[in-house]
1. Is it fair to say Leu122 is over 23 Å from Ala14 (Cβ atoms) and in contact with a strand residue (DSSP E or B) (Cβ under 9 Å, 6 or more places away or on another chain)?
2. Taking only segment 21-35 into account, find how many residues are surrounded by 22 or more Cβ atoms within 10 Å (Cβ to Cβ), in a loop (DSSP other than H, G, I, E, B) and of a type outside the set (Ser, Thr, Tyr).
3. For Ser18, work out the one condition from (1) under 26 Å from Pro85 (Cα atoms); (2) exposed (fewer than 15 other Cβ atoms within 10 Å of the Cβ) it doesn't fulfil.
4. Might you let me know whether segment 59-68 holds any residue that is over 18 Å from Ala137 (Cα atoms) and either in contact with a Ser or Thr (Cβ under 9 Å, 6 or more places away or on another chain) or crowded, with 21+ Cβ neighbours inside 10 Å (or both)?
5. Given the condition in a strand (DSSP E or B), farther than 22 Å from Arg109 by Cβ and touching a helix residue (DSSP H, G or I) at 6+ places or on another chain (Cβ under 8 Å), answer yes or no: does some residue in segment 45-61 qualify?
Amino acid sequence: MALVLSSPAFADHASIPSVYTCQGQDVSPPLEWSGVPAGTKSLALIVDDPDAPDPAAPKLTWVHWVVYNLPPVAGGFAQGAGELPAGARHGRNDWGRGDYGGPCPPIGRHRYFFKLYALDTLLPDLKNPTKAKLEVAMQGHVLAKAELVGTYIKD
């Protein structure tokens with residue numbers, strides 16, 4: 001069985017409801033996962049937007065959420081996951097915060113990639129890592145990856 005990431009709030013490659021964006025409550029969407037491979041010691045989640053600032057001329061990937069050391073039995077997050085499961089840690093997003101920052105594209109319809117990684121290790125305390133620092137720490141430890149893509153354009 002493959003690692004699968006989904007959300008009851010939006011389908012893969014569909015529009016993210018505004019409640020999860022800067023135009024709504026800016027709370028994280030509910031996420032569910034299954035098919036965690038045997039030998040998984042922890043999970044990591046990265047949410048980013050490769051279309052910043054303009055999908056017609058992207059210049060950078062904007063990071064919205066970084067979470068690591070999620071217990072493999074967690075199964076998902078409820079909407080507005082402010083409290084992480086025991087042992088899980090936030091990283092730092094591109095707003096310089098440790099929590100979820102929802103879609104807020106300055107122009108056009110952007111894609112938001114929710115990437116879940118099954119790891120064969122529990123990572124050390126990385127002290128509020130950026131996406132790049134987490135990716136370096138995960139190297140050689142990824143057992144499986146699942147992806148969910150949502151889109152959003154401001155009204």
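Bear in mind these aren't lab numbers, they're just calculated from the coordinates by the rules spelled out. In this text, all values refer to a predicted model and were calculated from it rather than measured experimentally. Every residue, glycine as well, gets a Cβ built from its backbone with ideal geometry; the counts of neighbours run over all protein chains shown.
1. yes
2. Total meeting the criteria: 1.
3. (2)
4. Our first condition is that a residue be over 18 Å from Ala137 (Cα atoms); within segment 59-68, this holds for 59-62, 64.
After this cut, where a residue has to be either in contact with a Ser or Thr (Cβ under 9 Å, 6 or more places away or on another chain) or crowded, with 21+ Cβ neighbours inside 10 Å (or both) as well, the list is 62, 64.
Taking every residue of segment 59-68 in turn, at least one turns out to be over 18 Å from Ala137 (Cα atoms) and either in contact with a Ser or Thr (Cβ under 9 Å, 6 or more places away or on another chain) or crowded, with 21+ Cβ neighbours inside 10 Å (or both).
5. no
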